[in-house]
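To start, the structure under review is shown below, and the notes come after it.
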Amino acid sequence: MKKYEVMYIINESVDAEKRAELIEGLAKIITDNGGTINKTDEWGMREFAYPIDYMKKGYYVVVSFEADNECVKEFDRLMRINSSVVRFLITRDEAPVREAKK
């Protein structure tokens with residue numbers, strides 16, 4: 001399994017109770033598809049540098065996890081159709097770079 005990190009922004013209009021359920025539900029997508037959550041870091045409500053769909057702020061969440069390709073594809077698909085998620089970005093944590101032989 002490979003290591004990944006996803007950062008997503010939840011719509012500011014989602015109340016705290018629903019937001020907690022959404023964060024838990026998104027983590028469940030990963031675990032149900034064979035992945036493991038290493039760390040969830042909630043950054044909280046922050047202002048955007050520019051408006052996105054007429055919104056000026058959103059709730060930021062960063063999740064580190066390990067998963068296979070199929071899990072990441074399914075997570076990506078479900079994030080795209082979730083109307084409460086404003087933006088998201090999944091990145092892969094790369095292995096350390098080896099030094100070149102001299």
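The values are calculated or read from the model by the stated rules, or taken from the named source; none is laboratory data. Keep in mind that this is a model prediction, so the values were computed, not measured. For neighbour counting, all protein chains shown are included, and Cβ atoms are generated from backbone atoms with ideal geometry for every residue, glycine included.
One table, with the values for the structure above:
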{"item": "Count - residues of the range 1-48 that are without any contact (Cβ under 8 Å) to a residue 60 or more places away in the chain, of a type outside the set (Gly, Ala, Ser) and not in a helix (DSSP H, G or I)", "result": "15"}
{"item": "Inter-residue pairs, beta-carbon under 7 Å, first farther than 15 Å from residue 25 by Cα and in the range 58-79, second assigned to a helix (DSSP H, G or I), 6+ apart", "result": "59/19; 67/30"}
{"item": "Number of positions in the range 3-29 that are in contact with a Gly (Cβ under 9 Å, 6 or more places away or on another chain), within 16 Å of residue 48 (Cα to Cα) and among the aliphatic types (A, V, I, L, M)", "result": "2"}
{"item": "Per-region count, the range 48-61, residues farther than 15 Å from residue 14 by Cα and at pLDDT 95 or above", "result": "0"}
